[in-house]
Ligand code: NPQ
Ligand code: MG
């Protein structure tokens, strides 16, 4: 396939309810979508960066800038571009993994549509549906949290993840465990809100049988996570720290984690995400699919990834209505706690034109 250009589109989608994490409260999702136009097909990519650099250093306007200025032009002048060639072509430019992932995703979608191959099959999926968990934000009170969790369990979610921070950790975990019982699959995500000095405090989560605690310490603090893992019985899972397959291998070897959250945007694309899956599987380390409040485009691709054999824990691959009243694609709907793996070529989904238009803030065409 020859690439003729890429359309960058900034969108905004209101959230059904504010989503509070240790790094802030969000009421709408800003995101960048890419449409790669090739000679035989076009493909969609979604950039998972937020409006501001709060989860990681990347942010929407910065991603748009590096894409238009460096990344998209680096794909010019190739008669046969395939998705596997995208990461090597972008490698001279350091960092910016979310921007790179979005561009690779768009090229991969276009290539697979040309070949008539679904993304799940291309990645090595072994399931046709995946069990889904849900990430529950920090709330104003424990009764409010219990009501929210009850609603998600009624909807069928197979696992609950509580966002935690200092001052909202032991009590909410204890309350959810006591109210919903020991069989509930329960985990917590701190988004880097603690330091190693909190080890004894975090050990107070030990009695509640959490599946894991996700990214308690700073992104760069692998040694701190290794020390923490020895001081608590809750398994340590890394999210923000795992930026590549190499980083995953290092974290596992250091004892910094025993579970890994895989987010393709964070690691530079779906192909690197598959390599992380492979590294973890070789080490016997369970993985699960993270979520970044994706639209139906990113959600479709994450569900395909989550169908690989090493994804042995439910992901943050929630239904569309967890976040959005109107998604830009046909919504993903929970069935018996699962989402179906798309079966069409490429992502297997496309934007609904009217919904896409409604969400669009601006568009820009980058010609190659
Ligand atoms: C996590 N996701 O696992 C992230 C954090 C997160 C589902 O908990 C806008 C864009 C808002 C990305 C809020 C979940 C976000 C976001 C939270 C990512 O750490
Ligand atoms: Mg996380």
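Quick note: the coordinates plus some simple rules give every number you see, no bench work behind them. Note that this is a predicted model, so its numbers are computed, not measured. With ideal geometry, Cβ positions are generated from the backbone for all residues, glycine too; neighbour counts draw on all protein chains shown.
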Review point. If you average the sequence gap of Cα pairs under 8 Å that are 6 or more apart and divide by the length of the range 211-267, what percent do you get for the contact order?
Key: 39 percent
Point to revise | Label point at residue 76 placed 7 Å out along Cα→Cβ; residues across the range 347-367 whose backbone nitrogen lies under 20 Å | key: 364-367
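State the volume of the convex hull built on the alpha-carbon positions of the range 197-268, expressed per residue in Å³ and rounded to an integer.
Values: hull volume 5.3 nm³, N = 72.
In the range 197-268, the Cα hull volume divided by residue count equals 73 Å³.
Please give the FRET efficiency for residue 4 paired with residue 200, using the beta carbon to beta carbon distance and R0 = 56 Å, rounded to the nearest 0.05. Spell out each step's value before the answer.
Values: r = 59 Å, r/R0 = 1.05.
E between residue 4 and residue 200, to the nearest 0.05, is 0.45.
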Point to revise | Packing rank of 270-279, 313-322, where each peptide gets the mean count of other beta carbons within 10 Å, highest leading | key: 313-322, 270-279
Study note, to complete from the structure: So the FRET efficiency between residue 85 and residue 254, C-beta based with R0 = 35 Å and rounded to 0.05, is 0.60
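Can you give the FRET efficiency for residue 282 and residue 218, using 1/(1 + (r/R0)^6), R0 = 30 Å, r = Cβ-Cβ distance, to the nearest 0.05?
Approximately 0.65, to the nearest 0.05.
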Practice item. May I ask you to compute the full-extension gain from residue 12 to residue 94, defined as 0.36 nm times their residue separation minus their alpha-carbon distance, rounded to one decimal in nm? Key: 26.7 nm
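With the cut-off at 1.5 for a/c, could you classify the range 120-340 from its C-alpha gyration tensor as rounded, prolate or oblate? Each step should come with its number before you reach the end.
Values: a/c = 1.81, a/b = 1.07, b/c = 1.68.
Oblate, since a/c reaches 1.5 and b/c is not below a/b.
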Exercise for review: Sort the following peptides by mean Cβ neighbour count (other Cβ atoms within 10 Å, averaged over residues), highest first: 64-77, 139-152, 35-48, 185-198.
Suggested key: 35-48, 185-198, 64-77, 139-152
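Under 8 Å for C-alpha pairs, at least 6 residues apart: give me the relative contact order for the range 301-368, rounded to a whole percent.
Working: 45 pairs, mean separation 21.0, N = 68.
This gives 31 percent for the range 301-368.
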Review point. Quick one: helix 97-115 against the long Cα principal axis of the chain, what's the angle to the nearest 10°, folded into 0 to 90?
Key: 60 degrees
Review point. Between residue 115 and residue 68, how many nm apart are label points set 7 Å from Cα along the C-beta direction?
Key: 3.3 nm
**Study point:** Zone residues, the range 65-101, relative to residue 39, backbone N less than 18 Å from point 7 Å out along Cα-to-Cβ
**Key:** 75-86
Study note, to complete from the structure: From the Cα centre of the range 1-49 to that of the range 138-216, the distance in Å is 30 Å
Point to revise | Cα gyration tensor, the range 54-153 - rounded (a/c under 1.5), prolate or oblate | key: oblate
Practice item. Please work out whether the range 121-231 counts as rounded, prolate or oblate from its C-alpha gyration tensor, where a ≥ b ≥ c are the square roots of the eigenvalues and a/c under 1.5 means rounded, while otherwise a/b larger than b/c means prolate and anything else oblate? Key: oblate
Revision key, fill the gap. With Cα coordinates, the longest principal axis of the chain makes an angle with the long axis of helix 142-155, in degrees rounded to 10, of 50 degrees
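State, as an integer percentage, the relative contact order of the chain based on alpha-carbon contacts under 8 Å between residues 6 or more apart. Could the numbers behind the result be given before it?
Numbers: 844 pairs, mean separation 83.0, N = 368.
Once normalised by length, the contact order is 23 percent.
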Review point. How big is the antiparallel share of DSSP beta bridges in the range 120-340, given as a percent to the nearest 5?
Key: 20 percent
Check your understanding: Relative to the first principal axis of the alpha-carbon coordinates of the chain, what is the inclination of helix 270-282, with its axis defined by its Cα atoms, in degrees from 0 to 90 and to the nearest 10?
Key -> 40 degrees
